[in-house]
Each structure stands twice: as structure tokens, then as C-alpha cells.
């Protein structure tokens, strides 16, 4: 019996979301202090699961790009954004 394997894209959906959001933050589309869409609205707009979006935000928070609170996801300050830009440039997918 053949085992079912998830496609590589499905396994890394949260990473793709985190990278796309991170690039938007670093490029200036979002500014420090901006508040991102809520989990439900953002996941619906991106057509992804809430779990994938939540994990992407967790990754961005761990990198210092966003700060999470009970109801808000806020973009962090510029020095952290510049550090993230360097990491992305040095480690393309």
C-alpha cells in the first residue's frame, strides 16, 4: 500500500505566508506601528487556513518583525526590519 505524502508546497504554506508578509513589511508596504488584519480576515483574503496564517505570524514574531497581543498584530520598528531584509537576501528559498 502506497503511503500518502503531502506535497512540499502544502508542508511549507506557513513559511511562504511568513516570507510574503515579511517582504511586504520590509519593502515598506506596512509601516512600523501598522496593525495587520485579524486572523480570520487575513486567512480568508489569502485563502489559507487560520492555522497556516497563525503559524506565519508566529514566525514573524519570533524574528522580531511583528508583536502579537490579544487582538492585534503590530509591525515592529525599522532596525528589526532591516535585519530581516538581510536574512532574506542571504537565504533565498
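The single condition among (1) exposed (fewer than 12 other Cβ atoms within 10 Å of the Cβ); (2) closer than 20 Å to residue 89 by Cβ; (3) at pLDDT below 85 that residue 31 does not satisfy is (2). Those helices (runs of 4 or more DSSP H) of segment 12-73 in which at least 3 residues are touching a residue at least 24 places away in the same chain (Cβ under 8 Å), considering only elements entirely within it, cover 13-26, 50-62. Reported count of residues in segment 64-87, each being surrounded by fewer than 15 Cβ atoms within 10 Å (Cβ to Cβ) and either under 17 Å from residue 14 (Cα atoms) or at pLDDT 80 or above (or both), is 4. Is it the case that residue 44 is within 22 Å of residue 86 (Cβ to Cβ) and modelled with pLDDT of 90 or more? No, not satisfied.
The values are calculated or read from the model by the stated rules, or taken from the named source; none is laboratory data. For clarity, every value in this text was computed on a predicted model and none was experimentally measured. As a convention, Cβ positions derive from the backbone with ideal geometry for all residues, glycine included, and neighbour counts pool all protein chains shown.
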